[in-house]
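Worksheet for the structure shown next.
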Amino acid sequence: MTIITILGTSSMVPTKERNVQAVLIERPGELLLVDCGEGTQRQMNIAGYSRAKIGKVLITHWHGDHVGGLIGLIQTIFNSEYTGTLHIYGPKGSKMRVEHLRKTVDFEDKISLEVHELSPGPGEPLRFFENDDYCLECTPMRHGTPTIAYAYVEKEKVRINMEYAHKEYGLKSGPLVGRLKRGTAVTFKGREIRPEDVCYRTASKRLVIIPDTTLNNSVPVIAESADLMICESTYGNEHEEKAQQYKHLTAAQAALLAQQAGVKKLILTHFSQRYKQVDALLEEARVHFPEAEAAYDFMKLEL
Ligand SMILES: [Zn+2]
Ligand SMILES: [Zn+2]
């Protein structure tokens with residue numbers, strides 16, 4: 001199971017109640033961090049996560065509220081017993097920016113760090129990482145600086161009902177279980193066991209993170225039928241013009257995009273500091289997407 005913790009929900013500046021942007025994805029054996037606004041390290045501390053377990057950092061764009069905490073995080077990871085390679089993904093220009101960042105503080109370069117620049121085009125999302133368990137995709141947004149939205153896709157899995165397999169066939173975990181999971185029938189204690197007798201499939205799950213953007217057609221494409229969409233919604237309806245001018249979304253626009261994409265769950269985030277309470281934004285969103293919810297710092301979600 002994948003657990004998502006929203007570490008920051010404010011746009012531009014931290015407020016007393018909300019930190020700036022970061023979303024943590026926790027999967028077995030690995031943490032993925034999407035954006036790293038100032039104060040993200042402390043938010044992780046409070047949420048009880050080890051920063052040295054981060055394997056990948058996905059940067060949506062290089063505005064300060066999304067990357068202001070990156071050099072501090074890199075330094076902490078470099079000073080820890082980190083043994084792997086830290087992979088940072090981001091839009092065009094990320095290599096140069098990380099290089100500059102590393103020069104701003106003195107520390108020993110003990111770990112390996114790889115920066116991957118992503119240049120997705122319009123149309124189908126770009127798949128840039130894949131292993132047996134999950135894959136990562138991205139698509140371009142419209143925000144005045146290179147900006148990308150990310151999808152985290154947990155793959156469909158074949159699992160075995162061990163309790164039943166043991167009770168019915170006396171089967172224990174071992175190579176035969178592996179063969180069954182791969183779709184091959186096996187013989188155990190003189191009985192044939194077919195994969196369909198003991199195996200079942202868990203559905204693929206899709207999480208989409210839509211960062212700062214103005215309305216654009218790529219959102220419903222990457223978010224199509226997503227189980228969970230976390231979407232920026234900086235303004236309310238009264239500032240629709242401002243949203244367009246600064247290339248952001250209103251809560252209602254975020255909800256319309258979620259409705260268009262047919263997502264199952266919508267979480268609004270990246271609120272302008274002018275909103276001490278976001279009830280009005282939520283109400284405006286619920287006109288189009290009744291189950292919309294507003295994020296708060298340390299909100300936890302399951303995928
Ligand atoms: Zn922002
Ligand atoms: Zn921005």
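The values are calculated or read from the model by the stated rules, or taken from the named source; none is laboratory data. None of these values were measured; they are calculated from a predicted model. Cβ atoms come from the backbone with ideal geometry, glycine included; neighbour counts cover every protein chain shown. We work out accessible area using only protein heavy atoms, side chains counted, and drop any ligands, DNA or RNA first. Shrake-Rupley method; radii C 1.70, N 1.55, O 1.52, S 1.80 Å.
Would you calculate the volume per residue, in Å³, of the smallest convex hull containing every Cα atom of the range 200-303?
Details: hull volume 9.8 nm³, N = 104.
Taking only Cα atoms, the range 200-303 has a hull volume of 94 Å³ per residue.
What is the ratio of the Cα radius of gyration of the chain to 2.2 N^0.38 Å, where N is its residue count, to two decimals? Walk me through the numbers before you get to the answer.
Working: Rg = 21.4 Å, N = 303, 2.2 N^0.38 = 19.3 Å.
So the Cα radius of gyration is 1.11 times the expected 2.2 N^0.38 Å.
Of all beta bridges DSSP finds with both residues in the range 160-260, what is the antiparallel percent, to the nearest 5?
45
List the lysines whose Cα lies under 30 Å from the Cα of K157, skipping any in the same chain that are fewer than 8 positions away.
The qualifying lysines are K53, K56, K167, K172, K181, K189, K205, K264, K265, K300.
Within the range 92-206, what whole-number % of the accessible surface is contributed by carbon and sulfur, with the 1.4 Å probe and all protein chains included in the calculation? Walk me through the numbers before you get to the answer.
Details: 3300 of 7130 Å².
The C+S portion of the solvent-accessible surface of the range 92-206 is 46 percent.
Run down the lysines and flag those whose C-alpha is under 17 Å from the C-alpha of K103, throwing out any fewer than 8 positions away in its chain.
Leaving aside lysines fewer than 8 places away in the same chain, those within reach of K103 are K95.
Hey, can you find the accessible area per residue of the chain for me, probe 1.4 Å, expressed in square angstrom?
Details: 14590 Å² over 303 residues.
That works out to 48 Å² per residue.
What is the distance in Å between the Cα centroid of the range 204-244 and that of the range 253-289?
The two parts, judged by their Cα centres, are 9 Å apart.
Could you list, bin by bin from short to long, the percent of Cα-Cα pairs of the range 19-105 in 5 Å steps?
3, 14, 28, 29, 18, 6, 1
Farthest toward the dipole's positive end in the chain, which of S10, A52, I193, given Cβ charges of +1 (Lys, Arg) and -1 (Asp, Glu) about the Cα centre?
I193
Alpha carbons only, please: Rg and Dmax for the range 117-197, in angstrom.
Cα-based Rg and Dmax for the range 117-197 come out at 20.8, 67 Å.
For the range 158-303, with the dipole built from +1 on Lys and Arg beta-carbon atoms and -1 on Asp and Glu ones, taken about the Cα centre, which of G178, A261, I222 lies farthest toward the positive end?
Most positive-ward Cα: G178.
I'd like the antiparallel share, as a percent to the nearest 5, of DSSP beta bridges with both residues in the chain.
Within the chain, antiparallel bridges account for around 60 percent of the total.
Whole-Hz Karplus ³J(HN,Hα) for the range 178-188, in order, using 6.51 cos²θ - 1.76 cosθ + 1.60 and θ = phi - 60°, x for Gly and Pro?
Going residue by residue, I get x, 5, 4, 5, 7, x, 9, 6, 10, 10, 9 Hz, with x marking Gly and Pro.
What whole number of Å gives the distance from the Cα centroid of the range 1-59 to the Cα centroid of the range 129-151?
If you average the Cα positions of each part, the centres end up 17 Å apart.
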